[in-house]
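Take a look at the structure set out below.
The values are calculated or read from the model by the stated rules, or taken from the named source; none is laboratory data. Because the structure is a prediction, the values reported are computed rather than measured. Positions of Cβ are generated from backbone atoms using ideal geometry, with glycine treated the same way; all protein chains shown enter the neighbour counts. Heads up: the accessible areas ignore ligands, DNA and RNA and are worked out on the full protein's heavy atoms, side chains in. Shrake-Rupley method; radii C 1.70, N 1.55, O 1.52, S 1.80 Å.
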Amino acid sequence: MKTVTDIAELEALYDAPLQVVLDKVVTRLTPLYTEWINAARFCVLSTAGPEGTDGSPRGDVGPVARVVDDTTLHLPDWRGNNRMDTLRNIVTDGRISVLFIVPGATNVIRINGTAVLSDDPALTGTFEQGGKHPRTVIVITVGEVYYQCAKAIMRSELWTAAPRRDLPTAGQFVKEQQADFDAEGYDAGYDARAKTRMW
């Protein structure tokens, strides 16, 4: 397999970007970007660290992230699987990228920047769901923000394709590695268990 190992070779394979693609990048959250992020209940947070890269889905019942000012976002770390891959990367590296997605919208918003973790009760206490608070809040400093054009979502028919009901379940993924695992029992009770552990 031939691989591309040189930037000049790579650039020769593609057309030059349109000027509008270059001009759309801003270094602060404008009012329109703020409006869009406030509508996003879901994002993918990407980090890098000494053990590798990580992409973590994040979601909430309201805005997934809180816009603090035009260069700062707060993203609560609600309950998950306690692997802490993303959090470890933030502590050791700090570089992050966030992809904000709104159901039905064909554009997505991308933020590149840096992040730190805070366990300050004065901050974690401002996020509350049913009397519970996140253990930490990811404090994001915006480096650049821009919209991603709609082609990827249009090509994938993400919002218009028929839902797939025949995919492997979480229990089946575990059973693939542990033959004696009760996949059916795990899957049957998952929704009920998850509802008590959302926050």
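Okay, here's what the table says:
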item	result
From the options Gly171, Gly185, Gly143, Gly189, residue that is among the small types (Gly, Ala, Ser), in a strand (DSSP E or B) and either within 20 Å of Ser97 (Cβ to Cβ) or open to solvent by less than 80 Å² (accessible area, probe 1.4 Å) (or both)	Gly143
Scan of segment 80-103 for residues that are more than 15 Å from the chain's Cα centre (by Cα) and at pLDDT below 95, ordered by number	Asn81, Asn82, Arg83
Test result for Ala194, touching a residue at least 12 places away in the same chain (Cβ under 8 Å), exposed (fewer than 14 other Cβ atoms within 10 Å of the Cβ) and out of contact with any Gly (no Cβ under 8 Å at 6 or more places or on another chain)	no
Residue check for Gly52: farther than 29 Å from Gly131 by Cα, within 19 Å of the chain's Cα centre (by Cα) and at pLDDT below 95	yes
Breaking point among (1) at pLDDT 95 or above; (2) in contact with a strand residue (DSSP E or B) (Cβ under 6 Å, 6 or more places away or on another chain); (3) over 13 Å from Phe127 (Cα atoms); (4) not hydroxyl-bearing (Ser, Thr, Tyr), for Pro76	(3)
Test: Asn112 is polar (S, T, N, Q), in contact (Cβ under 8 Å) with a residue 24 or more places away in the chain and open to solvent by 20 Å² or more (accessible area, probe 1.4 Å)	yes
Any pair with Cβ under 6 angstrom, 6 or more apart, that starts in segment 134-161 at a residue that is over 20 Å from Thr27 (Cβ atoms) and ends at one that is open to solvent by 70 Å² or more (accessible area, probe 1.4 Å) and assigned to a loop (DSSP other than H, G, I, E, B)	Thr136/Asp119
Restricting segment 16-67 to residues that are aliphatic (A, V, I, L, M) and in a strand (DSSP E or B), the residue that is surrounded by the most Cβ atoms within 10 Å (Cβ to Cβ)	Leu45
Residue within segment 146-153 that is part of a strand (DSSP E or B) and in contact with a Leu (Cβ under 7 Å, 6 or more places away or on another chain) present	no
Leu99 being without any contact (Cβ under 8 Å) to a residue 60 or more places away in the chain, out of contact with any Leu (no Cβ under 6 Å at 6 or more places or on another chain) and surrounded by 15 or more Cβ atoms within 10 Å (Cβ to Cβ)	yes
Condition check for Arg79: touching a residue at least 40 places away in the same chain (Cβ under 8 Å), part of a loop (DSSP other than H, G, I, E, B) and either in contact with a helix residue (DSSP H, G or I) (Cβ under 6 Å, 6 or more places away or on another chain) or open to solvent by 40 Å² or more (accessible area, probe 1.4 Å) (or both)	yes
